[in-house]
Amino acid sequence: MLGLGFTSKASLTLTPILLGAVIATGRMDLQPESRIWVEGTSTVRSFKCTAAVVEADVATTKPRATIAVFAGEKAISDVAVRIPAARLDCRNGTMNGHMLKAIKADAAPTISFSLKSYELLDTNKDVTTTLKGTLSLGGTTKDITIDAGLVQEADGSLRVKGSYDLRLTEYGLKPPSLMMGSMKVGDLVKVNFDLLLKD
């Protein structure tokens, strides 16, 4: 549930009540080059798991939403991102199995994020935003806050980039343990995203 708008050198917070008053008339499509990946450490080595499939629903209130957003208009009204948990690839079959078990992929097959509100800051050079929403992982849903940067690409698309530090135990999940416990994954992982949206 997202509405975007900013004033120069000032932040603007939109509540879900205000967002609910915005009527969606269009959409932005997630482009194939969009990526979400997780980086972590273990007692043996670091690792990286990439989401082979990322889905997103982005509703807009007018055509050419990216241009409107960077002009300060509230052109985006709703955002939801989903990842099929089974499509996380850690480039190691054994690690894949342990990771899927750790995040309870069988019981909670979809990892999802829904945006509820935001603060957007225009610095006249870069546009940064603080996104507030809910993350559902392993059957647990929690409120989170993510910092991200926005870039208007030459073709008019909108790039959203950032990262979020996530502790598995905060979602009631036990970090994977491999090789009879000799390799233990750290509780803290970094979720990175580079999403390209086009209308």
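So is Glu33 over 20 Å from Ser112 (Cβ atoms) and within 18 Å of the chain's Cα centre (by Cα) or not? Don't jump to the end; show me each part of the working.
Numbers: over 20 Å from Ser112 (Cβ atoms): yes; within 18 Å of the chain's Cα centre (by Cα): yes.
Yes, satisfied.
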Exercise for the section: Sort out which residues of the stretch 49-71 are among the aliphatic types (A, V, I, L, M), touching a residue at least 60 places away in the same chain (Cβ under 8 Å) and not in a strand (DSSP E or B), and write them in order of number. Expected result: Val54, Ala65, Ile67, Val69
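Looking for something farther than 24 Å from Pro32 by Cβ, touching a residue at least 12 places away in the same chain (Cβ under 8 Å) and either of a type outside the set (Phe, Trp, Tyr) or touching a strand residue (DSSP E or B) at 6+ places or on another chain (Cβ under 9 Å) (or both) - is there at least one such residue anywhere in the stretch 78-91? Before the answer, list the steps.
Looking only at the stretch 78-91, we keep the residues that are farther than 24 Å from Pro32 by Cβ, and these are none.
No.
Working carefully through the options Leu88, Leu131, Leu120, find the one that is within 22 Å of Asp29 (Cα to Cα) and at pLDDT 95 or above.
Values: Leu131 fails: at pLDDT 95 or above; Leu120 fails: at pLDDT 95 or above.
Testing whether each residue is within 22 Å of Asp29 (Cα to Cα) and at pLDDT 95 or above leaves just Leu88.
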Problem - Selection status of Lys74, surrounded by 14 or more Cβ atoms within 10 Å (Cβ to Cβ) and either part of a loop (DSSP other than H, G, I, E, B) or free of Cβ contacts under 8 Å to residues at least 60 places away in the same chain (or both) - result: yes
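Mind checking whether some residue in the stretch 93-106 is of a type in the set (D, E, K, R), within 20 Å of Leu166 (Cβ to Cβ) and within 17 Å of the chain's Cα centre (by Cα)?
no
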Practice task
Taking Thr169 as the residue in question, decide whether it is out of contact with any strand residue (DSSP E or B) (no Cβ under 8 Å at 6 or more places or on another chain) and either modelled with pLDDT of 95 or more or part of a strand (DSSP E or B) (or both).
Solution key: yes
Practice task
Could you pull out every one of the strands (runs of 3 or more DSSP E) wholly within the stretch 97-163 that has 1 or more residues that are free of Cβ contacts under 8 Å to residues at least 12 places away in the same chain and within 28 Å of Pro176 (Cα to Cα)?
Solution key: 140-152
Fill in the blank from the handout: If you go through Ser177, Ser163, the only one that is modelled with pLDDT of 95 or more, in contact with a strand residue (DSSP E or B) (Cβ under 9 Å, 6 or more places away or on another chain), of a type in the set (S, T, N, Q) and surrounded by 14 or more Cβ atoms within 10 Å (Cβ to Cβ) is Ser163
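The values are calculated or read from the model by the stated rules, or taken from the named source; none is laboratory data. Everything numeric in this text was worked out from a predicted model, so none of it was measured. Cβ: placed from backbone, ideal geometry, glycine included. Neighbour counts: every protein chain shown.
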